[in-house]
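Data block below; observations after.
The values are calculated or read from the model by the stated rules, or taken from the named source; none is laboratory data. Worth saying up front: this structure is predicted, and the values here are computed from it rather than measured. So basically every Cβ, Gly included, is an ideal-geometry build from the backbone, and we count neighbours across all protein chains shown.
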Amino acid sequence: IRKITIVIVIVEKNQPGCFKDELKSEILLEFITLRPKLYAYKTNKDEVKKAKGVKKYVINNHIKFDKYLNKLNAYIYNII
């Protein structure tokens, strides 16, 4: 039986160019970003939608992941 050792390096917070782990070891399936602070992603366990300036109940009840994808596709096809 082989022993596997995992080493985790902790990087200082607020260091430019570093990302924080929002997924907590979940697998990212899809990611859509329309502009800064307006994005949605799906993991193997959850669906997360972020929209700065929009109330949480509006995001949870009225905005679906597919709407983010439709807006992105509409923008791409109107440009090309």
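Some points to look at:
- The C-beta contact set for segment 14-35 (first residue among the aromatic types (Phe, Trp, Tyr), second residue at pLDDT 70 or above and not in a loop (DSSP other than H, G, I, E, B), distance under 9 angstrom, 6+ apart or interchain) comprises PHE31/TYR39; PHE31/ALA40; PHE31/TYR41; PHE31/LYS42.
- Going through (1) at pLDDT below 90; (2) not in a strand (DSSP E or B) one by one, ASN60 falls short only on (1).
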